[in-house]
């Protein structure tokens, strides 16, 4: 047999498990491809394979496609591989190739910032790796007798740019598509015409999401789908939250462990939506039961997290205390600032997005529920205090350039950032990007050259915080020496002199020198916001304690 009938492919960056850290995958979305070799050893992109050449781990979405196809096609008809092994599996008998697309064109909140610090047309590493896969000689050589299907979180980028036509994609699958996959591949294998673009939809029930058959990259196991909080810049936020049945979660954990994973990443848009009660009320008992059950699966040594929101942390701090033995005690991550006996800490991605109450109320009021938008700064500060106390050091994102952002809005964000000085966290500023299927899809994207002086100050103050928290004195010194080199050789040519003083702060130039040039003075205490002792729930809001009483009654 020359080739497998169906070949499922993931690019090297999308499948990568280096350091068992999803942050590294984010790094691949931001590194400028031409310069990537100066930042990372590209040998880390060589992923593990089984003796027959198939991939040991690929993104969870591709494993779901594989599980669906195995309902009808025999295993010997299907291969799952990386781009480097496409030659082994694509041949004369191949009739369908499914290619995973996470960030194929480099159009994301982070990519439009960091790769473009090296120039406006610079391609990020993961977009370059996707291109390498889709233009692979084996695929092009056999394209006449096979159908190319592409799907994944970044499929919309290909339609938006028109590259699905240029690259000869027979069917672009955009969105959740468990109910469509089998029929599309049936037609592809039979050589029948396929619709050029298919729009997916959330499954009616989480029971329709199949248990995977093999290991996912980073040991990803879904625990929820959707969100429902309604943030206008996010497509997932408009899809109602659904929780995966616990037995399905545990079966996925066992599948990953059987294929060699010792780390499980519980993947969700919001950890605290798992088996949620009415109106986003966190379900402490269900969460504790989940972590206890996953930790009890033989072979699971580490548990990692993806996303969460801050409001439930403030609403029910006891929940954090109860699951900390698993989130911190079973984490791979360590930091000297942790008070855990082994210096472990839990990391979770939390979108803070803005310190401006006006913008928050306009674009994301549901993110604070059950608190009022006006309470957002207090929720952020109190939530951070609670998380840090339990050795959770969150990875937080912040969006610059939301539509209509003014200097007054940016100053509010800077004031909140100042109040967070000394917190145990990582803060990553991003630029507003109009994503497909969001209420802001038709708004103009923010661009680096258009950032104001205050926005640049916010941007580099964030990275000054990160440098101080995560890097030692020697690394900070070397970084400080590199800043003026970047500024004079490239930075001022791309963005002008407005980045000069914000960059000097990143280089640890003393604050007394910058005092007249920048809005914040980091040597002085924050004034506008301070950590509250308590954040009161608005009148008439049901607390988790009240909800449990109602359930008991």
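The values are calculated or read from the model by the stated rules, or taken from the named source; none is laboratory data. Just so it is clear, the model here is predicted, and its values are computed rather than measured. Reconstructed Cβ throughout: ideal geometry from the backbone, glycine too, with neighbour counts over all protein chains shown.
Worth pointing out:
- Meets criteria (surrounded by fewer than 18 Cβ atoms within 10 Å (Cβ to Cβ) and either touching a helix residue (DSSP H, G or I) at 6+ places or on another chain (Cβ under 7 Å) or more than 30 Å from residue 538 (Cβ to Cβ) (or both)) for residue 311: no
- Within the stretch 160-192, the set of residues being touching a strand residue (DSSP E or B) at 6+ places or on another chain (Cβ under 6 Å) and farther than 30 Å from residue 207 by Cα comprises 164, 169.
- Criterion violated by residue 271 - all others in (1) in contact with a helix residue (DSSP H, G or I) (Cβ under 7 Å, 6 or more places away or on another chain); (2) touching a residue at least 40 places away in the same chain (Cβ under 8 Å) satisfied: (1)
- Flag if residue 282 is assigned to a loop (DSSP other than H, G, I, E, B), touching a residue at least 60 places away in the same chain (Cβ under 8 Å), within 27 Å of residue 360 (Cβ to Cβ) and touching a helix residue (DSSP H, G or I) at 6+ places or on another chain (Cβ under 8 Å): yes
- Enumerated strands (runs of 3 or more DSSP E) restricted to the stretch 169-250, each holding at least 1 residues that are free of Cβ contacts under 8 Å to residues at least 60 places away in the same chain, farther than 20 Å from residue 306 by Cβ and within 24 Å of the chain's Cα centre (by Cα): 171-174, 197-199
- Verdict on residue 491 being more than 22 Å from residue 414 (Cβ to Cβ), out of contact with any strand residue (DSSP E or B) (no Cβ under 7 Å at 6 or more places or on another chain) and not assigned by TED's automatic domain parsing to the domain that holds residue 397: no
- Count of residues meeting criterion [touching a helix residue (DSSP H, G or I) at 6+ places or on another chain (Cβ under 8 Å), without any contact (Cβ under 8 Å) to a residue 40 or more places away in the chain and outside any helix (DSSP H, G or I)] in the stretch 129-168: 2
- Neighbours by Cβ (under 8 Å, 6+ apart or cross-chain): first from the stretch 483-506, free of Cβ contacts under 8 Å to residues at least 40 places away in the same chain; second crowded, with 18+ Cβ neighbours inside 10 Å and outside any helix (DSSP H, G or I): 483/507; 484/507
- Condition met for residue 212 (outside the structural domain of residue 157 (by TED's automatic domain parsing), within 29 Å of residue 18 (Cβ to Cβ), crowded, with 22+ Cβ neighbours inside 10 Å and in contact with a strand residue (DSSP E or B) (Cβ under 7 Å, 6 or more places away or on another chain)): no
- Inside the stretch 17-59, residues that are surrounded by fewer than 19 Cβ atoms within 10 Å (Cβ to Cβ), touching a residue at least 60 places away in the same chain (Cβ under 8 Å) and either in contact with a helix residue (DSSP H, G or I) (Cβ under 7 Å, 6 or more places away or on another chain) or closer than 20 Å to residue 212 by Cα (or both) make up a count of 3.
- Residue satisfying condition, being within 13 Å of residue 457 (Cβ to Cβ) and either surrounded by fewer than 17 Cβ atoms within 10 Å (Cβ to Cβ) or outside the structural domain of residue 122 (by TED's automatic domain parsing) (or both), within set 510, 484, 502: 502
- Comparison of 479, 459 shows that the only residue that is outside the structural domain of residue 233 (by TED's automatic domain parsing), part of a helix (DSSP H, G or I) and surrounded by 13 or more Cβ atoms within 10 Å (Cβ to Cβ) is 479.
- Taken together, 162, 235 contain a single residue that is outside the structural domain of residue 17 (by TED's automatic domain parsing) and either surrounded by fewer than 20 Cβ atoms within 10 Å (Cβ to Cβ) or farther than 27 Å from residue 438 by Cβ (or both), which is 235.
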